[in-house]
Amino acid sequence: MSSAGEVKTRVQSWGMVQEASCFVRTPESVEDLRGIFGEAKHRGLLVAQRGGGNSYGDPAMLEGGILIDYAKLNRVIHWDPENGLLEAEPGLTIKDAWRTVLESGYWLPVVPGTMFVTFGGAAAMNIHGKNNFKKSTFGSH
């Protein structure tokens, strides 16, 4: 996962207000993810997890640690149109979820102001949409 001469990556927040130098990891499987946490433990590094990096709060900043970027863990695991249940990896974007569910006449109950938010980020930040007063937050679904 890492090499002796590895260079940290400078990561900026969505609002471009904060930045941090960290070791970025982009897992493609659950096995990769396990390896990243093993690496962090072995090296004594903290871990931050980043969805699409679209949060106004810019929470996924970790100077000197490992930043897990879920961009490649972005698949639909299972779509059940009969019951309206979608199981997905954390890097799946709202846009890609729409591509799956719209065909069956579904719309996600809570959507943010951008379609580039990931399921992992939406769950972590418990996002809300314009219909929050009626449908509550992402975590309620």
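Computed quantities for the displayed model
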quantity	calculated
Above-threshold pairs, the threshold being 26 Å between Cα atoms, out of K72/K95; K8/K130; K41/K95; K72/K134	K8/K130; K41/K95; K72/K134
The chain: angle of helix 30-43 to the longest principal axis, Cα-based, in degrees nearest 10	30 degrees
Ranked list, fewest to most other Cβ atoms within 10 Å of each Cβ, for I94, I77	I77, I94
Values of log10 I(q)/I(0), in the order q = 0.14, 0.18, 0.23, 0.29 Å⁻¹, for the range 75-136 under a Debye, Cα-only, solvent-free model	-0.37, -0.62, -1.01, -1.37
The chain: Rg to Rh, with Rh as the Kirkwood radius over Cα pairs	1.02
Ascending count of other beta-carbon atoms within 10 Å, so fewest first, for M61, M16	M16, M61
Ranked list, fewest to most other Cβ atoms within 10 Å of each Cβ, for H42, H141	H42, H141
For the chain, share of DSSP beta bridges that run antiparallel, in % to the nearest 5	60 percent
Whether the range 9-72 is rounded, prolate or oblate, judged on the alpha carbon gyration tensor where a/c under 1.5 counts as rounded	oblate
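Any read-out appearing in this document is the output of simple, stated calculations on the displayed coordinates, not a laboratory observation. Just so we're clear, the structure is a prediction, and the values are computed from it rather than from any experiment. Positions of Cβ are backbone-derived with ideal geometry, glycine not excepted, and every protein chain shown enters the neighbour counts.
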